[in-house]
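S.K.: Below you'll find the structure I mean.
The values are calculated or read from the model by the stated rules, or taken from the named source; none is laboratory data. None of these values were measured; they are calculated from a predicted model. Cβ: placed from backbone, ideal geometry, glycine included. Neighbour counts: every protein chain shown.
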Ligand code: CO8
């Protein structure tokens, strides 16, 4: 068995920003347009009006202030309310692969490595843009990596679950190094017309290079342990899939996009995530108090504050549980990795931290790392 490290991370930030103000103006224009079109039914009481959204609610309920997206005009067009992507011919790199290659190149460069040092690519994300060929194979080939690639989806926990797969491959000697990439184009499966969730998500891509510790650069992050947990729940779902066509479903049917019971998720997932990290740390011989930083999944600010309080028995400082969702919103599996990418340079050798994701499934994944 080989000791394993996270050598580096990479981050692709999409070209467009949507502020809460812009988002709410577009949503409210859509709501007013819908309500005007159905004024008679609303007056007759046979239809509920679309309620208005507000910047104050979004910031207070979630902590989100803006999000990055691959395309914003379609999202902000009240007659459309979804991104406008141009279909690419099969001869062109696909969008998910393109942003994954950008994040992966940055991770390789930061570790001083090239494609020749890597044996595999795992594309781990909450949704894949096609059934096959696997996104990972396209990304692997575009990067010039010899070896293997495969896709996996555990929603918001895809990245941490992907890290565990990569760690196992490197630990066993099956691969010298594996790149985990998390291209999250959440804007294409978010229900922008639903006031309860239209503000939640943003697009991004992260990459993580997992290597044998003896090959990793100075300052790499030794992986002390990984732990995964799943427990089935209908509280966060998206029913779109290859059977939708056979079911004569409309792509706009509400259940063909992200939907959730947000309050229930909040109540059920917070204790699970705190318990998961506490028991994972205990089995490695540590307590939460010995951890310098928790890079938590970024879904909701109060959720992270509550989890950190359950872990530490007091409020966490911004240094102990850094927040990036104000800038990025919820980026599904990429959130905890962005937090790690942005807030880890100040660690000294020997400092310990935990990357933890939680989300649909339910799924929880934790990765305990120590700076070398
Ligand atoms: N503007 C104004 N008012 C609003 C709005 C709005 N936009 N939305 C709701 N309200 C109103 C409601 O109607 C309600 O009114 P009333 O009290 O009169 O009924 C009131 O505000 C309160 O509503 P909620 O109870 O719903 O509000 P919460 O305080 O619970 O906040 C949140 C809602 C922010 C959604 C919160 O519940 C939350 O963040 N929960 C956790 C969610 C979470 O972590 N989900 C994880 C999902 S991510 C994942 O696993 C990956 C999925 C794959 C990615 C999908 C990409 C698209």
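S.K.: Would you please list the contacts, defined by Cβ atoms under 9 Å and residues six or more apart or on different chains, that run from a residue in region 23-39 that is more than 20 Å from residue 83 (Cβ to Cβ) to a residue that is in a helix (DSSP H, G or I) and more than 16 Å from the ligand (Cβ to nearest atom)?
M.R.: Going by the 9 Å Cβ cut-off, the qualifying pairs are 35/42.
S.K.: Looking at (1) assigned to a loop (DSSP other than H, G, I, E, B); (2) under 18 Å from residue 334 (Cα atoms), which is the only condition residue 102 fails?
M.R.: The failed condition is (1).
S.K.: Separate question: Output yes when any residue across region 55-64 is in a helix (DSSP H, G or I) and within 23 Å of residue 182 (Cα to Cα), and no when none is. Write out each step before concluding.
M.R.: Filtering region 55-64 for residues in a helix (DSSP H, G or I) gives 55-62.
Those still in the list that are within 23 Å of residue 182 (Cα to Cα) too: 62.
Within region 55-64, one or more residues are in a helix (DSSP H, G or I) and within 23 Å of residue 182 (Cα to Cα).
S.K.: Quick check: is even one residue across region 49-69 away from the ligand (no atom under 11 Å from the Cβ), surrounded by fewer than 20 Cβ atoms within 10 Å (Cβ to Cβ) and farther than 28 Å from residue 303 by Cα?
M.R.: Yes.
S.K.: In this structure, does residue 5 turn out to be in a helix (DSSP H, G or I) and surrounded by 21 or more Cβ atoms within 10 Å (Cβ to Cβ)? Break it down stepwise before answering.
M.R.: Numbers: in a helix (DSSP H, G or I): no; surrounded by 21 or more Cβ atoms within 10 Å (Cβ to Cβ): yes.
No: the conditions fail for residue 5.
Residues are listed down the side, and each one gets a yes or a no for (1) in contact with a helix residue (DSSP H, G or I) (Cβ under 8 Å, 6 or more places away or on another chain); (2) within 26 Å of residue 4 (Cα to Cα); (3) without any contact (Cβ under 8 Å) to a residue 60 or more places away in the chain:
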| residue | (1), (2), (3) |
| --- | --- |
| 84 | yes, no, yes |
| 106 | no, yes, no |
| 121 | yes, yes, no |
| 124 | yes, yes, no |
| 145 | yes, yes, yes |
| 148 | yes, yes, yes |
| 156 | yes, yes, no |
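S.K.: A further question on this structure: Going by the structure shown, is residue 215 within 18 Å of the chain's Cα centre (by Cα) and surrounded by fewer than 20 Cβ atoms within 10 Å (Cβ to Cβ)? Let's see the steps before the verdict.
M.R.: Working: within 18 Å of the chain's Cα centre (by Cα): no; surrounded by fewer than 20 Cβ atoms within 10 Å (Cβ to Cβ): yes.
Here the answer is no, as residue 215 does not meet what is asked.
S.K.: Could you say which residue among 184, 164 is under 28 Å from residue 75 (Cβ atoms), in contact (Cβ under 8 Å) with a residue 24 or more places away in the chain and within 19 Å of the chain's Cα centre (by Cα)? If you could, list the steps in order and put the result at the bottom.
M.R.: Numbers: 164 fails: under 28 Å from residue 75 (Cβ atoms).
Only one candidate passes the filter, namely 184.
S.K.: Are any of the residues in region 248-256 surrounded by 20 or more Cβ atoms within 10 Å (Cβ to Cβ) and modelled with pLDDT of 95 or more? Write out each step before concluding.
M.R.: Step one: list which residues in region 248-256 are surrounded by 20 or more Cβ atoms within 10 Å (Cβ to Cβ), which gives none.
Within region 248-256 (the criterion being surrounded by 20 or more Cβ atoms within 10 Å (Cβ to Cβ) and modelled with pLDDT of 95 or more), the answer is no, since none of the residues qualifies.
S.K.: If you don't mind, another one. With 88, 82 as the choices, which residue is within 15 Å of the ligand (Cβ to nearest atom) and farther than 21 Å from residue 324 by Cα? Lay out the reasoning, then the answer.
M.R.: Values: 88 fails: within 15 Å of the ligand (Cβ to nearest atom).
On inspection, the qualifying residue turns out to be 82.
S.K.: Residue 308: modelled with pLDDT of 95 or more, over 22 Å from residue 180 (Cα atoms) and within 16 Å of the ligand (Cβ to nearest atom), yes or no? Talk me through it step by step, then tell me what you get.
M.R.: Details: modelled with pLDDT of 95 or more: yes; over 22 Å from residue 180 (Cα atoms): yes; within 16 Å of the ligand (Cβ to nearest atom): yes.
So residue 308 fits the description; yes.
S.K.: Within region 112-128, can you find the residues that are surrounded by fewer than 16 Cβ atoms within 10 Å (Cβ to Cβ) and assigned to a loop (DSSP other than H, G, I, E, B)? So that I can check it myself, show each step before the final result.
M.R.: Our first condition is that a residue be surrounded by fewer than 16 Cβ atoms within 10 Å (Cβ to Cβ); within region 112-128, this holds for 112, 114, 116.
Of everything in region 112-128, those that are surrounded by fewer than 16 Cβ atoms within 10 Å (Cβ to Cβ) and assigned to a loop (DSSP other than H, G, I, E, B) turn out to be 112, 114.
S.K.: Sort out for me the strands (runs of 3 or more DSSP E) sitting completely within region 279-372 that have 3 or more residues that are under 14 Å from the mean Cα position of the chain (by Cα) and buried (at least 23 other Cβ atoms within 10 Å of the Cβ). Let's see the steps before the verdict.
M.R.: Working: elements: 293-296, 352-359, 363-371.
The strands (runs of 3 or more DSSP E) meeting that bar are 352-359, 363-371.
S.K.: Shifting gears a bit: Given the structure, is residue 15 within 18 Å of residue 83 (Cα to Cα) and surrounded by fewer than 16 Cβ atoms within 10 Å (Cβ to Cβ)? Break it down into steps so the answer makes sense when it comes.
M.R.: Numbers: within 18 Å of residue 83 (Cα to Cα): yes; surrounded by fewer than 16 Cβ atoms within 10 Å (Cβ to Cβ): yes.
Judged against the criteria, residue 15 is a match.
S.K.: Could you list all residues from region 139-163 that are farther than 16 Å from residue 332 by Cα and surrounded by fewer than 22 Cβ atoms within 10 Å (Cβ to Cβ)?
M.R.: Filtering region 139-163 for residues farther than 16 Å from residue 332 by Cα gives 139-150.
Matches in region 139-163: 141, 142, 143, 144, 146, 147, 148, 150.
S.K.: Would you pick out the residues in region 229-265 that are assigned to a loop (DSSP other than H, G, I, E, B), closer than 16 Å to residue 187 by Cα and within 12 Å of the ligand (Cβ to nearest atom)?
M.R.: 238, 240, 257, 258
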